[in-house]
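Asker: So that we are looking at the same thing, I have put the structure below in structure tokens.
The values are calculated or read from the model by the stated rules, or taken from the named source; none is laboratory data. As the structure is a prediction and not an experimental result, all values here were calculated from the model. Here Cβ is always computed from backbone atoms with ideal geometry, including for glycine, and neighbour counts include all displayed protein chains.
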Amino acid sequence: MESNIINENDFIYLVLDDRRRWLVQVKSGEEFHTHKGIIIHDELIGRSFGTCIFSKPHESQGYKFYILKPYPSDFILHMARKTQIIYPKDAGLILLHSDIGPGSNVIEAGCGSGALTCILGNYVRPNGHVYSYDIREKSLKQATKNIKKANLDSYVSINYGNILDDDLNHKNMDAIVLDMPTPWLAIEKARKYLKLSGSIVSFSPTIEQVKKTTFELERNNFFEINSVELLLRNMQIKKNATRPDTRMIGHSGYLTFGRKIEDKDNPYRCVKPKKNEFVNLEGMPLRYIEDNKE
Ligand SMILES: C[S@@+](CC[C@H](N)C(=O)[O-])C[C@H]1O[C@@H](n2cnc3c(N)ncnc32)[C@H](O)[C@@H]1O
């Protein structure tokens, strides 16, 4: 079990209320200033996550701040970003539907700001690895910073790589995750990096991308191909006024999944039964009875 005690360099999720919350790295000797008072870092060290602290000066401020252990979703929603990022709701389904977990080896293209990279890196620990690629210098720099900040650099490698043209030199990967404008052009190459039964996931904002990707997955013998869109509604819970919030994120993107299989035509089934051939009652296989054996 991970320690619940706050140490120097740990990140804490400092929560004042629904809207005012910060991700703070604890550094001895430093102070965190808010308009509701000051939090002294030295007073955080040695405390347990899940406790609260009052801002200084106590006489004029003294507001209560909760100290939580940040979840991966807190990291990504608060991280510095240069690109559109994957939302936690979509990241959750990516993990579940592609069986990404401890020990998985995953390719990601592109890394963008590294939001999904952080989630993947967090879940492949302690003995898996994420090989993340991008073609833009800005994305590579931002993602590298964010991965370092989340302390995941031992589980993630971020490198320049064009998934469409470069030979990325991987094989037997457990999963490939694509979040890039033309995922359908990457399918043929991606298939080579995957192990049999490995999964591919593509996140795309438009249906045009989904259609092209699906047809290309079919053409490349992927199996269990399906696309979904996830809508998340927060609930307002109030006495006599409990209902969905009026505002929500209407659309983030569609997720398209597929699995690599070895596909073969059934030699029994692809020929039409001839005279003297029969199908057994279970339907399989077709048997041929030679005339001279009867
Ligand atoms: C929307 S961003 C990815 C965001 C990322 N999933 C996140 O959560 O932060 C798309 C990225 O794909 C990269 N990209 C586009 N074409 C690519 C290619 N052929 N190979 C690798 N990366 C590519 C872009 O440079 C961009 O950074």
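Asker: Say whether the condition of being in a loop (DSSP other than H, G, I, E, B) and under 25 Å from the mean Cα position of the chain (by Cα) is met by at least one residue in the range 33-54.
Answerer: no
Asker: For the range 161-182, which positions are near the ligand (Cβ under 9 Å from one of its atoms) and either over 14 Å from C111 (Cβ atoms) or of a type outside the set (A, V, I, L, M) (or both)?
Answerer: Answer for the range 161-182, where residues must be near the ligand (Cβ under 9 Å from one of its atoms) and either over 14 Å from C111 (Cβ atoms) or of a type outside the set (A, V, I, L, M) (or both): G161, N162, L164, D165, D166, D179, P181, T182.
Asker: For the range 140-175, enumerate the residues that are surrounded by fewer than 22 Cβ atoms within 10 Å (Cβ to Cβ) and in a helix (DSSP H, G or I).
Answerer: Across the range 140-175, the qualifying residues are L140, K141, T144, K145, K148, K149.
Asker: Looking at the range 214-239 only, could you name the residues that are surrounded by 12 or more Cβ atoms within 10 Å (Cβ to Cβ), β-branched (V, I, T) and not in a strand (DSSP E or B)?
Answerer: Of everything in the range 214-239, just one residue is surrounded by 12 or more Cβ atoms within 10 Å (Cβ to Cβ), β-branched (V, I, T) and not in a strand (DSSP E or B), namely T214.
Asker: Then there's this: Being loosely packed, with under 10 Cβ neighbours inside 10 Å and at pLDDT 95 or above narrows it down to one residue among T242, T246, T182; which is it?
Answerer: Exactly one residue qualifies, and that residue is T242.
Asker: Among the residues of the range 62-71, which ones are more than 25 Å from E2 (Cα to Cα) and part of a loop (DSSP other than H, G, I, E, B)?
Answerer: G62, Y63 - these are the residues of the range 62-71 that are more than 25 Å from E2 (Cα to Cα) and part of a loop (DSSP other than H, G, I, E, B).
Asker: Also, I was wondering about something else. Just checking, which of D99, D74 is in a helix (DSSP H, G or I) and more than 14 Å from the ligand (Cβ to nearest atom)?
Answerer: Going through D99, D74 in turn, the sole match is D74.
Asker: Sticking with this one: Do the conditions hold for E59, that is, is it in a strand (DSSP E or B) and either more than 13 Å from the ligand (Cβ to nearest atom) or touching a residue at least 24 places away in the same chain (Cβ under 8 Å) (or both)?
Answerer: Against the criterion (in a strand (DSSP E or B) and either more than 13 Å from the ligand (Cβ to nearest atom) or touching a residue at least 24 places away in the same chain (Cβ under 8 Å) (or both)), E59 does not qualify.
Asker: Is there any pair linking a residue in the range 128-140 that is farther than 15 Å from L178 by Cα to one that is surrounded by fewer than 19 Cβ atoms within 10 Å (Cβ to Cβ) and small (G, A, S), with Cβ under 8 Å and at least six apart or on different chains, and which?
Answerer: Pairs that qualify, where the first residue is farther than 15 Å from L178 by Cα and the partner is surrounded by fewer than 19 Cβ atoms within 10 Å (Cβ to Cβ) and small (G, A, S), are G128/G101; G128/G103; H129/S157.
Asker: Can I ask one more? Among the listed residues I147, I158, which satisfies the condition of being assigned by TED's automatic domain parsing to the domain that holds E108, within 12 Å of the ligand (Cβ to nearest atom) and at pLDDT 95 or above?
Answerer: I158
Rundown of residues vs (1) loosely packed, with under 14 Cβ neighbours inside 10 Å; (2) under 30 Å from S202 (Cα atoms); (3) in the same structural domain as K148 (by TED's automatic domain parsing), yes/no style:
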{"residue": "K36", "(1), (2), (3)": "no, no, no"}
{"residue": "G46", "(1), (2), (3)": "yes, no, no"}
{"residue": "C52", "(1), (2), (3)": "yes, no, no"}
{"residue": "Y63", "(1), (2), (3)": "no, no, no"}
{"residue": "K82", "(1), (2), (3)": "no, yes, yes"}
{"residue": "I85", "(1), (2), (3)": "no, yes, yes"}
{"residue": "I94", "(1), (2), (3)": "no, yes, yes"}
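Asker: On the basis of being in the same structural domain as T256 (by TED's automatic domain parsing), within 8 Å of the ligand (Cβ to nearest atom), more than 23 Å from L77 (Cα to Cα) and not in a helix (DSSP H, G or I), does I200 make the cut?
Answerer: When the stated conditions are applied, I200 does not pass them.
Asker: Under 7 Å by Cβ, and 6 or more places apart or on different chains, what pairs join a residue from the range 8-27 that is in a loop (DSSP other than H, G, I, E, B) with one that is of a type in the set (S, T, Y)?
Answerer: Listed by first residue and then by second, the contacts come to E8/S28; L16/Y63.
Asker: Of the residues G110, G128, only one is within 14 Å of the ligand (Cβ to nearest atom) and not basic (K, R); which?
Answerer: Just one listed residue meets the conditions, G110.
Asker: Sticking with this structure for a sec: Within the range 12-23, is even one residue in the same structural domain as A186 (by TED's automatic domain parsing) and surrounded by fewer than 16 Cβ atoms within 10 Å (Cβ to Cβ)?
Answerer: No, there is no match, as no residue in the range 12-23 is in the same structural domain as A186 (by TED's automatic domain parsing) and surrounded by fewer than 16 Cβ atoms within 10 Å (Cβ to Cβ).
Asker: Identify, from the list N105, N127, the residue that is surrounded by fewer than 24 Cβ atoms within 10 Å (Cβ to Cβ), touching an Asp or Glu at 6+ places or on another chain (Cβ under 9 Å) and of a type in the set (S, T, N, Q).
Answerer: Every option except N105 fails the conditions.
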